[in-house]
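Read through the structure below, which is laid out as structure tokens, and then see the notes.
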Amino acid sequence: MKFAMTVAAIAALGLAACGEKPATTDGAAATPAAAEPAAPAAAPAAAAIEGPAAGKWKLTMTAMGQSLPPQEICYEKQTSMEEAQKTQQQAGMTCSEQNYRREGASYLGHSVCEIDMAGKKTKVTSDLTVTGDFNTAYTMEMTTRMDPPPMAGMEETKTSIAAERLGDC
């Protein structure tokens with residue numbers, strides 16, 4: 001279960017970078033992410049990409065085939081991709097690739113990062129698809145590949161996240 005929470009945390013860091021800033025919103029933060037690699041040429045400028053709207057969000061996650069207890073998270077402001085990348089660095093994650101783009105009604109993302117897991121450097125490659133509205137509700141599907149995997153059978157994991165804005169904090 002602890003590993004599933006780690007996967008969900010990695011997803012949360014990636015999601016902050018997936019939305020376009022709503023015209024009338026002052027802020028909100030990072031959250032979770034899965035699917036096709038994004039084309040680097042199509043990736044928006046980091047400062048133009050925003051995550052979920054400020055407020056209280058309920059996150060329902062399934063990681064590695066296990067449903068995790070719903071969590072409520074309060075985002076004081078909307079976080080840009082640039083801010084989310086700084087958070088990743090502070091958490092000890094370094095990324096050589098982070099590409100996000102909008103395709104139709106979905107956001108697609110691809111990242112390649114390195115993180116220290118139990119004293120070992122692990123390459124984490126994630127592909128995600130986010131659909132929905134970063135002001136009210138969205139869903140994310142993410143596939144994560146780890147090399148080396150933290151344990152046998154963890155070479156590739158799938159995470160699903162449903163997020164619903166409950167109101168103000």
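The values are calculated or read from the model by the stated rules, or taken from the named source; none is laboratory data. Remember, predicted model here, so these are calculated numbers, not experimental data. Neighbour counts are summed over all protein chains in view; Cβ atoms, including those assigned to glycine, are modelled from backbone coordinates with ideal geometry. What goes into the accessible areas is simple: the full protein's heavy atoms, side chains included, and nothing from ligands, DNA or RNA. Shrake-Rupley method; radii C 1.70, N 1.55, O 1.52, S 1.80 Å.
Brief remarks follow.
- For residue 56, the shell of other residues with beta-carbons less than 14 Å away shows a net charge of -1, using +1 for Lys and Arg and -1 for Asp and Glu.
- Checking the Cα-Cα distances for 56/77; 123/158; 86/123; 86/121; 77/123 against a 22 Å cut-off, the pairs over it are 77/123.
- Each Lys and Arg Cβ is given +1 and each Asp and Glu Cβ -1; about its Cα centre, segment 74-169 then shows a dipole of about 140 debye.
- Mean separation of Cα contacts under 8 Å, 6 or more apart, over the residue count of segment 64-158: relative contact order %: 18 percent
- Annotation: segment 68-169 has a Kirkwood hydrodynamic radius of 15.3 angstrom, from the mean reciprocal C-alpha pair distance.
- Sorted largest first, the spans of the alpha carbon positions of segment 87-146 along the three principal axes are 39, 18, 16 Å.
- A 1.4 Å probe over all protein chains sorts 161, 73, 115 by accessible area into 73, 115, 161, starting with the largest.
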